[in-house]
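Visitor: Pasting in a structure now, in structure tokens, and then I'll have a few things to ask.
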Amino acid sequence: MAESQAQDRPKLMRRVFPHPLLTVLLIVVWCVITNSVAPGTIVLGVILGILIPFFTYPYWPHVPRGFRPFKMVSYLFLVIWDILVANVSVAWIVLTKRNSDMRSTWVVIPLDLRTPEAITLLAGTITLTPGTVSADLSDEGHCLLVHALDADDPNAVRDEIKTRYEARLKEIFEYES
Amino acid sequence: MNPESFFEWCLLIAIASVAVSQVLAMVRLVKGPNTGDRILALDTMVINAIGLIVLLGVAEGSEVYFEGALIFAMLGFVSTVAYARFKLRGDIIE
Amino acid sequence: MIAILEIVSAIALLVGALFTLVGSYGLLKLDDPMKRLHAPTKAGTLGIGALIMASILHSFTTGIDSVHEILVMAFLFVTAPISAHFVSKVHLHRGTCETPPPPPEDKVWATRGQADDGPLAPDQAQS
């Protein structure tokens, strides 16, 4: 549905706003960095938000299609909550467990995601959440190598990442397929 | 104890413990058996230094430290990536 | 109101300092290179996040009203996974950690594959 909408949009709009979300992000960042929401600041932010995507458009590999911003916001809140929980649990493990008691293992996660942006977000999420760091990607991008600090069962870690994060990212980025 | 002096005490404790963690990271930088550990220790030291800059900004009640912290964050990230990239490929710009 | 804000920001300072300390302590205490990666990337990042929240809250008590420190926090949260990823790639490339299991679907992990055709690191070229 979003695909056909994108094609129906007038060509001029596409040329002026190649990345609408990037424009919004630039305006917000400009307002935060100058620390004011005065009309002048917003106007300058809008000018920057139009000019920067316009002139950097040739360098962007491709515009992601079918991206759902509102699901992304709810995903962000989930991740922030998980970061808080994860930090407390990792701090507890570091402070209380002896080195020999930690069962750290490699976990291999076969990926269903194919979009580069989605895989990047998944890897970042894994690094910031419970006791796991994403270490490497296989050469054609079908598996992700993850290191777990203290995991009883590597399969449980893999299943949790797949159901909790990957399924949601698939809904955000690749829901058509 | 009134809130202001409580805040002053907490600020002192925070500065002291971030300074101690900077020293701990420096011990790992000197000891660190291999290159990866040293890169990680440097990255941690950059993050702790940002914390110290922010705390200094709170202590002085001044806004100018924000730019310093932001620039330190950017330079620290770029130098970590450059160092790691040099170790991975033997070259930074190909 | 201002008193409550001041106490909340003081507590945020303590939490941030504690997490920063735990991050660096974990960096020193843990014994395996890959394990060491966990402590600073998580505890350190949240520690700085809490310190910056304290700074923002404190600026509201003194009337400066600045929220732009949140950019530093956003930047750190975006870049911390990338730094960690690069450090773990260095560990994998130089073989200073346990060898990971081979990937089930593709041939090799990207870092090992690159090491074969990329230019040699200077210390490897000499030996």
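The values are calculated or read from the model by the stated rules, or taken from the named source; none is laboratory data. Since the model is a prediction, treat every value here as computed from it, not as a measurement. Here the Cβ positions follow ideal geometry from the backbone for every residue, glycine too, while neighbour counts run over all protein chains shown. Accessible surface areas use protein heavy atoms only, side chains included; no ligands, DNA or RNA. Shrake-Rupley method; radii C 1.70, N 1.55, O 1.52, S 1.80 Å.
Visitor: Looking for whichever is over 20 Å from C:Thr96 (Cβ atoms) and out of contact with any Ser or Thr (no Cβ under 7 Å at 6 or more places or on another chain) here; the options are C:Leu30, C:Leu46, C:Leu57, C:Leu21. Which one fits?
Guide: After applying the criteria, what remains is C:Leu46.
Visitor: Continuing with this model, one more query. Just checking, does the range A:111-121 include any residue being over 28 Å from A:His19 (Cα atoms), at pLDDT below 85 and open to solvent by 50 Å² or more (accessible area, probe 1.4 Å)?
Guide: no
Visitor: Please enumerate the residues belonging to the range B:47-82 that are at the interface with another protein chain (Cβ under 8 Å from one of its Cβ atoms) and not in a helix (DSSP H, G or I).
Guide: If the condition is that a residue be at the interface with another protein chain (Cβ under 8 Å from one of its Cβ atoms) and not in a helix (DSSP H, G or I), then B:Gly61, B:Glu63 are the ones that fit.
Visitor: It is to be established whether one or more residues within the range C:57-79 are within 7 Å of another protein chain (Cβ to nearest Cβ) and either under 21 Å from A:Met102 (Cα atoms) or basic (Lys, Arg) (or both).
Guide: Among the residues of the range C:57-79, not one is within 7 Å of another protein chain (Cβ to nearest Cβ) and either under 21 Å from A:Met102 (Cα atoms) or basic (Lys, Arg) (or both), which makes the answer no.
Visitor: Given the conditions (1) more than 30 Å from C:Ser9 (Cβ to Cβ); (2) facing chain C (nearest Cβ under 9 Å); (3) modelled with pLDDT under 85, which single one is not true for B:Arg85?
Guide: (3)
Visitor: Okay, next question. Return yes when C:Val90 is within 28 Å of A:Ala135 (Cα to Cα), in contact with a helix residue (DSSP H, G or I) (Cβ under 8 Å, 6 or more places away or on another chain) and more than 7 Å from every other protein chain (Cβ to nearest Cβ) and no when it is not.
Guide: no
Visitor: Moving on. Name the residues in the range C:23-40 that are more than 14 Å from the chain's Cα centre (by Cα), at pLDDT below 85 and charged (D, E, K, R), would you?
Guide: Result: C:Asp31, C:Asp32.
Visitor: Which one of these is hydroxyl-bearing (Ser, Thr, Tyr), surrounded by 21 or more Cβ atoms within 10 Å (Cβ to Cβ), more than 12 Å from the chain's Cα centre (by Cα) and closer than 28 Å to C:Lys35 by Cα: B:Ser21, B:Ser17, B:Ser79?
Guide: One residue alone meets the criteria, B:Ser17.
Visitor: Residues C:Thr111, C:Thr96, C:Thr20: which one is at pLDDT 80 or above and among the β-branched types (Val, Ile, Thr)?
Guide: Residue meeting the stated conditions: C:Thr20.
A quick yes/no check of all residues on (1) at the interface with another protein chain (Cβ under 7 Å from one of its Cβ atoms); (2) buried (at least 22 other Cβ atoms within 10 Å of the Cβ); (3) free of Cβ contacts under 8 Å to residues at least 60 places away in the same chain; (4) assigned to a helix (DSSP H, G or I):
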{"position": "B:Met1", "(1), (2), (3), (4)": "no, no, yes, no"}
{"position": "B:Glu4", "(1), (2), (3), (4)": "yes, no, yes, yes"}
{"position": "B:Leu29", "(1), (2), (3), (4)": "no, no, yes, yes"}
{"position": "B:Asp37", "(1), (2), (3), (4)": "yes, no, yes, yes"}
{"position": "B:Ala41", "(1), (2), (3), (4)": "yes, yes, yes, yes"}
